[in-house]
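Input: a single structure, listed below in structure tokens.
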Amino acid sequence: MKKPLSILILILIFSCSGRKYKTIDFGQFQITVPENWHKYKSNGIDSYVGGIITNTNDSLNFDFGMYSGDLSKSDFPMVYDSIGLAELTKKELELLPKTKHLIVEDLFYADVNFKEYLQYQFVFDSVDCFRAKIITPRNKGFGGTGIHIDSLTGSKENYDKIGIGFYGWYLNDKVQAEFIKALKTLKFEKYCE
């Protein structure tokens, strides 16, 4: 009885993992993504930029160079006065009611613990041979999801530091999970020795 049950469990496991993947080569790095995601090219001014379009038409954009940004360093609290609300995009205003946020009369006089309303959370993980910061929004779907690796090569002191930021914005749960899974497959063969 144990043998047929074990075979049935194995069949179920392998049939559920039927999603197909492919590796996209961007020259400086490779990433493994769902088969129906596609590479796109873009022109950068001071860095190498490009990205991926998902099957749900989300754009996942990377910036590879000296000035690649760390999204978690622009982690502003989701506390708004009338001016802050007016600066939100149409998409952000649409998503705002589903988030943990606060609207106040005046930001300068508000008695608020702003840390409770930060937009992002992050964890450090190893990606290929580098320490990477995986960044996700605290409120599902509101903001960016992605990765930042501060330095693949070079140093800030010598003005030759190269890093990468790779982000997608306002992703649904499924795309966000697939994107994070893909980010953990990043390979930097030219930079890992």
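Here the simple spin-label model places points 7 Å from the Cα toward Cβ, and for Leu102 and Lys184 these points are separated by 3.4 nm. Solvent exposure of the chain amounts to 63 Å² per residue of accessible area, where only protein heavy atoms count and the probe is 1.4 Å. Report the Cα centroid-to-centroid distance between the range 71-115 and the range 119-190 in angstrom, as an integer. One Cα centre to the other: 24 Å.
Taking every pair of Cα atoms in the range 39-193, average 1/r, invert it to obtain the Kirkwood radius, and report Rg/Rh to two decimals. Each step should come with its number before you reach the end.
Values: Rg = 17.2 Å, Rh = 17.0 Å.
With Rh from the inverse mean 1/r over Cα pairs, Rg/Rh is 1.01.
With 10 Å bins beginning at zero, the pair-distance distribution over Cα atoms of the range 137-180 amounts to 27, 36, 22, 14, 0 %. When the Cα positions of Ser74, Asn55, Thr99 are compared along the charge dipole of the range 32-104, Asn55 comes out farthest toward the positive end, with charges on each C-beta of Lys, Arg, Asp and Glu. Distance between the 7 Å Cα→Cβ label points at Tyr109 and Glu193: 6.1 nm. Normalised by the number of residues in the range 82-193, the mean separation of alpha-carbon contacts (under 8 Å, six or more apart) gives a relative contact order of 20 percent. Compared with the dominant Cα axis of the chain, that is its longest principal axis, helix 2-16 is turned about 50°.
Please state the relative contact order of the chain as a whole percent: Cα pairs under 8 Å, 6+ residues apart? Write out the running numbers ahead of the final one.
Working: 334 pairs, mean separation 41.6, N = 193.
The value is 22 percent.
Given a 1.4 Å probe and the protein chains as shown, Lys39 ends up with an accessible area of around 90 Å².
Mean residue ellipticity at 222 nm from the helices of the chain, using -39,500 (n - 2.57) per DSSP H segment of n ≥ 4 over the full residue count, to the nearest 500 deg cm²/dmol? Here the helix-only value at 222 nm equals -5500 deg cm²/dmol. Placing +1 on the Cβ of every Lys and Arg and -1 on the Cβ of every Asp and Glu, with no other charges, gives the range 67-193 a dipole of roughly 500 debye about its Cα centre.
The values are calculated or read from the model by the stated rules, or taken from the named source; none is laboratory data. Source: prediction; values computed, not measured. A quick note on method: Cβ atoms are made from the backbone with ideal geometry, for glycine too, and the neighbour counts reach across all protein chains shown. The protein model used for the area step is the full one, side chains on, heavy atoms only, and it has no ligands, DNA or RNA in it. Shrake-Rupley method; radii C 1.70, N 1.55, O 1.52, S 1.80 Å.
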